[in-house]
Amino acid sequence: MKRKKPYTLLNKVEPYLWILPSIILMAIFIIVPIGFVFRMAFSQVTKAGLVKGFCGFDNFSKVLKSAKFGLVLKNTIIWTILVVGLSTVLGFILALLLNNEFKGRKIARAIVVFPWATTLVIQASVWKFIIDTDYGALNTLLKTLGIIERNVNWTPAPEAFFAWEIACGIFVTIPFVCFTALSGLQSIDASYYEAATVDGANYWQKLGHITLPLVKPSLTVATVLNIIYVFNSFPIVWTITKGDPASRTDTLVTYLYKLAFYNGKQGEAAAVSVIGFLILLVCASIYMVSTLKKGDE
Amino acid sequence: MKKLIAMLLVLTMVLALAACGGSKTAETQAPAAEAPAETQAPAASAADGEKVTVTMIAAQYGPKTGDWWTEFEKKFEAANDGIDLVVDCVSWNDIYTVVNTRIANGQAPDLLNIDVFADFQADGLLLPAEEWCSAETYAKFYQAFLDQSEIDGTIWAVPDLASARAMYYNKDILDAAGVEVPTTWEELTAACEAIQAYDPDIYPWGIDMTTDEGQAAFAYYTWGNGGGFVDDNDEWALNSAENVAAVEYAVGLVKAGLTNSDPATNTRYDLQDLFCAGKLAMMIAPNALSSQAGEAGVNYGFAAIPNNSGTSVSAGVMDRIMCFDNGQTAEQMAAITAVVDAFYDDEPYAEWVLMEGFLPATSAGGEACAAADPAMGAWIDIVGSAKFYPTAKAEWADVKQGVIDVEQQALLGGNVQELLDALQAEIAG
């Protein structure tokens with residue numbers, strides 16, 4: 001019989017020592033900045049950026065009372081749900097396609113990575129250029145093909161601008177979902193499908209009863225990460241519209257940037273940031289807990 | 001034994017990380033976007049040997065600004081042995097973030113070149129101009145420019161350059177459409193309609209109501225209608241009848257389809273590109289458009305901004321240089337004065353202003369610029385009669401964003417009177 005390891009102080013401390021570097025890194029790069037934001041949210045901050053002491057919930061009440069905040073929060077929710085939802089569906093479908101054996105599969109997979117590998121600011125600038133009324137590539141193409149005679153304004157209303165921004169967001173998010181789903185798909189044992197085929201299951205039955213349940217953990221991780229990334233995404237909206245006109249395309253992040261650096265209200269901007277952080281914390285927790293619980297069952 | 005070695009390695013790694021962490025924290029607290037790390041040292045403690053260090057943040061006006069300042073640093077240091085001048089040239093996109101972060105971390109520069117100053121003054125961060133600007137240099141500035149930086153009877157910053165706005169027009173388009181250069185709002189509307197009838201693919205009039213510079217549009221039309229941001233007593237008067245009519249007129253031009261397609265997102269730079277491509281007939285722009293349009297081969301002219309009150313008012317924009325109170329010693333103050341004197345020395349100053357394509361803020365600079373470029377003469381007269389934004393008032397940042405929001409809401413169909421009433425109530429209480 002193997003002897004039990006003697007219980008020493010070293011044994012007790014050892015695991016903590018191993019994870020200490022990660023904890024230190026997390027503390028420096030995550031917890032300290034979050035702490036600064038919280039301190040700022042509860043402080044009176046001058047326009048030049050000096051912290052002048054504790055002011056309780058003043059910044060929060062100013063933000064919540066402002067007429068803009070409701071509109072911006074609504075925009076942020078629409079933006080997050082549509083970008084994350086649609087990119088998850090489309091990314092998963094693309095992963096199913098790329099999981100098939102076909103000629104040029106490697107090249108196709110490489111092409112899918114491109115939108116992900118390019119800087120968001122460049123992506124957004126390219127989209128802005130495509131839809132531009134006066135020089136846009138879309139109008140030029142349609143005119144060359146003889147489909148239109150005069151330039152079309154593709155962004156006649158704020159909603160149209162927002163829709164283009166969402167489309168751009170989906171385009172850059174698809175690769176991440178696609179590759180996470182693809183890694184999940186490739187880990188599924190082919191014998192499940194063989195057994196199902198023997199039992200006479202059709203494609204949809206295999207998709208619903210084998211593929212989806214087994215890919216679900218990968219998609220859950222991708223969705224939670226995407227909710228956080230997309231909710232906090234700044235470059236797309238900022239590059240295309242800066243939240244204009246009249247905050248109709250602002251999300252919480254562009255709104256707080258304007259509050260901080262255009263209006264000089266850094267305390268209120270920090271309060272918006274804290275509100276966003278709490279919303280994300282709650283959403284991500286609920287989603288994680290519910291999906292993982294179902295997985296365990 | 002192996003375990004002991006592993007433990008020692010872990011401990012070493014932890015200590016190394018902790019050591020790195022210390023400096024990283026300092027960096028994350030001061031993410032000066034484009035500022036090199038060594039320039040973040042506060043002036044007071046940045047003695048390099050026996051040299052006195054002067055730190056400065058300069059706004060990047062154009063692609064050549066950074067090189068110009070590097071050259072200035074070299075020449076200045078060669079002429080002033082005991083002074084180490086460190087200039088950070090920061091783009092307009094980042095400068096507010098960089099400056100605020102450095103102030104928040106107690107690392108304010110000695111000298112700052114930016115547009116606004118009132119917020120820094122309100123926090124007691126600035127030194128009066130006469131404490132760091134020599135009498136000789138101080139006497140060079142146009143008094144009207146100095147007055148723009150006055151709070152409670154003290155001048156807190158000196159102007160570095162200015163720009164004024166005028167109406168640019170494409171002579172060829174106006175001739176082809178058979179219209180004269182408009183001087184009043186009525187003539188402007190008629191000219192726009194004639195140009196539209198001549199060629200529906202040309203935008204007759206350019207309007208920028210974006211977050212970038214929407215406050216300029218507010219200034220052009222309200223000043224041209226006898227209104228403005230403040231009344232005669234320098235009190236906010238945003239919802240005056242003249243202002244309401246002015247915004248309604250500008251929005252009316254957009255609604256009538258006489259302007260660029262989307263004034264809420266087309267910036268002045270977009271409009272200048274359209275103008276240079278011959279797709280826009282008229283727009284209000286600074287003198288910098290002359291060289292751009294000239295290079296593009298546009299047959300352009302410029303004239304006073306059309307108005308509705310009988311008096312044309314040009315909108316002036318002025319940037320400043322200010323000095324932060326970092327508890328400098330007498331020696332450091334002398335070094336700062338030397339830097340300012342060297343910058344405003346007539347010849348290099350005129351060269352800098354001409355290179356940037358702006359207008360000088362000193363009379364000697366004005367004469368030198370006019371001698372070097374005859375077209376400048378007309379502009380120097382325009383800037384002399386220009387009105388400026390009320391940037392010395394503490395609420396300016398809110399007013400600026402507020403009027404832009406009013407314009408954009410009006411474009412979406414909002415009631416101008418109600419919007420301006422609400423803004424006035426918010427600002428003036």
State yes or no: is B:TYR220 more than 14 Å from every other protein chain (Cβ to nearest Cβ), in contact with a strand residue (DSSP E or B) (Cβ under 6 Å, 6 or more places away or on another chain) and not basic (Lys, Arg)? yes
Answer residue from the range A:154-168, given it is touching a Phe, Trp or Tyr at 6+ places or on another chain (Cβ under 7 Å) and open to solvent by less than 50 Å² (accessible area, probe 1.4 Å) and is modelled with the lowest pLDDT among those: A:THR155
Among (1) loosely packed, with under 11 Cβ neighbours inside 10 Å; (2) of a type in the set (A, V, I, L, M); (3) away from every other protein chain (no Cβ under 14 Å), which single condition is A:ILE77 missing? (1)
Output the number of residues of the range B:173-206 satisfying the condition of being open to solvent by less than 50 Å² (accessible area, probe 1.4 Å) and free of Cβ contacts under 8 Å to residues at least 60 places away in the same chain. 3
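For the range A:1-10, which residues satisfy the criterion of being more than 10 Å from every other protein chain (Cβ to nearest Cβ) and either at pLDDT 80 or above or in a helix (DSSP H, G or I) (or both)?
To start, the set of residues in the range A:1-10 that are more than 10 Å from every other protein chain (Cβ to nearest Cβ) comprises A:1-9.
Of everything in the range A:1-10, just one residue is more than 10 Å from every other protein chain (Cβ to nearest Cβ) and either at pLDDT 80 or above or in a helix (DSSP H, G or I) (or both), namely A:LEU9.
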Quick one: in the range B:75-102, of everything that is surrounded by 14 or more Cβ atoms within 10 Å (Cβ to Cβ), within 14 Å of chain A (Cβ to nearest Cβ) and without any contact (Cβ under 8 Å) to a residue 60 or more places away in the chain, which residue is farthest from B:PRO63 (Cα to Cα)? B:ASN100
Would you confirm whether or not the range B:361-380 contains a residue that is open to solvent by less than 30 Å² (accessible area, probe 1.4 Å) and part of a loop (DSSP other than H, G, I, E, B)? yes
Taking A:SER87 as the residue in question, decide whether it is surrounded by fewer than 18 Cβ atoms within 10 Å (Cβ to Cβ), in contact (Cβ under 8 Å) with a residue 40 or more places away in the chain, within 28 Å of A:VAL177 (Cβ to Cβ) and among the small types (Gly, Ala, Ser). no
Please work out which residue is nearest to A:VAL215 (Cα to Cα), limiting yourself to the range A:247-297 and to residues that are part of a helix (DSSP H, G or I) and of a type in the set (S, T, N, Q). A:THR291
If we keep just the residues of the range B:360-415 that are over 26 Å from B:GLY228 (Cβ atoms) and of a type in the set (Asp, Glu), which is nearest to the other protein chains (Cβ to nearest Cβ)? B:ASP373
Scanning the range A:40-54 for residues that are in contact with a helix residue (DSSP H, G or I) (Cβ under 8 Å, 6 or more places away or on another chain) and open to solvent by 30 Å² or more (accessible area, probe 1.4 Å), which turns out farthest from the other protein chains (Cβ to nearest Cβ)? A:PHE42
What is the number of the single condition among (1) of a type in the set (Lys, Arg); (2) exposed (fewer than 12 other Cβ atoms within 10 Å of the Cβ); (3) at pLDDT below 50 that B:LYS24 does not meet? (2)
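Within the range A:125-153, which residues are of a type outside the set (Val, Ile, Thr) and open to solvent by 70 Å² or more (accessible area, probe 1.4 Å)?
Going through the range A:125-153, the residues of a type outside the set (Val, Ile, Thr) turn out to be A:125, A:127-129, A:132, A:134-139, A:141-143, A:145-146, A:149-151, A:153.
Selection gives A:LYS128, A:PHE129, A:TYR135, A:LEU141, A:LYS143, A:LEU145, A:GLU149, A:ARG150.
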I'd like the full set of residues that are of a type in the set (Gly, Ala, Ser), assigned to a strand (DSSP E or B) and either within 16 Å of B:TYR300 (Cα to Cα) or within 14 Å of chain A (Cβ to nearest Cβ) (or both), limited to the range B:160-212. B:ALA166
If A:VAL72 satisfies all but one of (1) open to solvent by 40 Å² or more (accessible area, probe 1.4 Å); (2) under 30 Å from A:GLU165 (Cα atoms); (3) touching a residue at least 40 places away in the same chain (Cβ under 8 Å); (4) within 14 Å of chain B (Cβ to nearest Cβ), what's the number of the condition it fails? (1)
Is the range A:13-33 home to any residue that is among the hydroxyl-bearing types (Ser, Thr, Tyr), within 12 Å of chain B (Cβ to nearest Cβ) and part of a loop (DSSP other than H, G, I, E, B)? no
Matching residues, the range B:113-159, being within 14 Å of chain A (Cβ to nearest Cβ) and free of Cβ contacts under 8 Å to residues at least 24 places away in the same chain: B:ASP123
Given B:ASN93, B:ASN80, which one is under 24 Å from the mean Cα position of the chain (by Cα) and not aromatic (Phe, Trp, Tyr)? B:ASN93
Restricting the search to the range B:262-308, which residues are within 12 Å of chain A (Cβ to nearest Cβ), open to solvent by 40 Å² or more (accessible area, probe 1.4 Å) and of a type outside the set (Lys, Arg)? B:ASP270, B:ASP273, B:ALA277
Here's a check for you: in the range A:228-282, which residue that is among the charged types (D, E, K, R) and open to solvent by 10 Å² or more (accessible area, probe 1.4 Å) is farthest from A:GLY49 (Cα to Cα)? A:ARG248
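The values are calculated or read from the model by the stated rules, or taken from the named source; none is laboratory data. What you see is a predicted model; the values in this text were computed from it and never measured. All Cβ positions, glycine included, derive from the backbone under ideal geometry; neighbour counts span all protein chains shown. The protein model used for the area step is the full one, side chains on, heavy atoms only, and it has no ligands, DNA or RNA in it. Shrake-Rupley method; radii C 1.70, N 1.55, O 1.52, S 1.80 Å.
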